[in-house]
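The values are calculated or read from the model by the stated rules, or taken from the named source; none is laboratory data. This structure is a prediction, so every number in the text was calculated from the model and none was measured. Reconstructed Cβ throughout: ideal geometry from the backbone, glycine too, with neighbour counts over all protein chains shown. Accessible surface is based on the protein model in full, side chains and every heavy atom, while ligands, DNA and RNA are left aside. Shrake-Rupley method; radii C 1.70, N 1.55, O 1.52, S 1.80 Å.
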Amino acid sequence: MNRIKHHVKKGDQVEVISGNFRGSSGRVLAVFPGKQRVLVEGVRIIKKHLRKSQDNPSGKIAEREGPIHISNVRLLEREKSEKGGKSKKEKQGSRPERSEGPRK
């Protein structure tokens with residue numbers, strides 16, 4: 001199974017660099033690799049008209065984010081992973097120091 005890898009992941013902070021929403025930034029809510037699109041928080045707000053139902057007795061106009069092309073966003077800050085793994089630099093510095101005592 002082939003997996004398409006992109007430069008942004010869910011939770012990353014990105015900035016829109018081209019298109020109608022250029023200059024706005026936000027957090028990535030979802031990535032759709034097959035369609036090469038991302039949902040960015042607060043960017044491309046779409047209004048959807050909902051008909052009357054038990055949940056909405058008088059109907060409603062719902063606002064939500066719409067997807068934009070992944071090439072139109074630039075990564076600002078990567079989400080910090082909370083997996084508990086240490087980076088290579090932290091592992092190197094965490095070795096116990098050798099004592100300079102007498103050798104046997």
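Scanning the range 21-74 for residues that are exposed (fewer than 10 other Cβ atoms within 10 Å of the Cβ) and part of a strand (DSSP E or B) turns up K47, H49, I61, E63. Taken together, the criteria exclude N2 from residues that are in contact with a strand residue (DSSP E or B) (Cβ under 9 Å, 6 or more places away or on another chain), more than 26 Å from E82 (Cα to Cα), outside any strand (DSSP E or B) and free of Cβ contacts under 8 Å to residues at least 40 places away in the same chain. Looking across the range 1-20, the residues that are open to solvent by 90 Å² or more (accessible area, probe 1.4 Å) and either farther than 15 Å from E79 by Cα or in contact with a Pro (Cβ under 7 Å, 6 or more places away or on another chain) (or both) come down to M1, N2, R3, I4, K5, N20.
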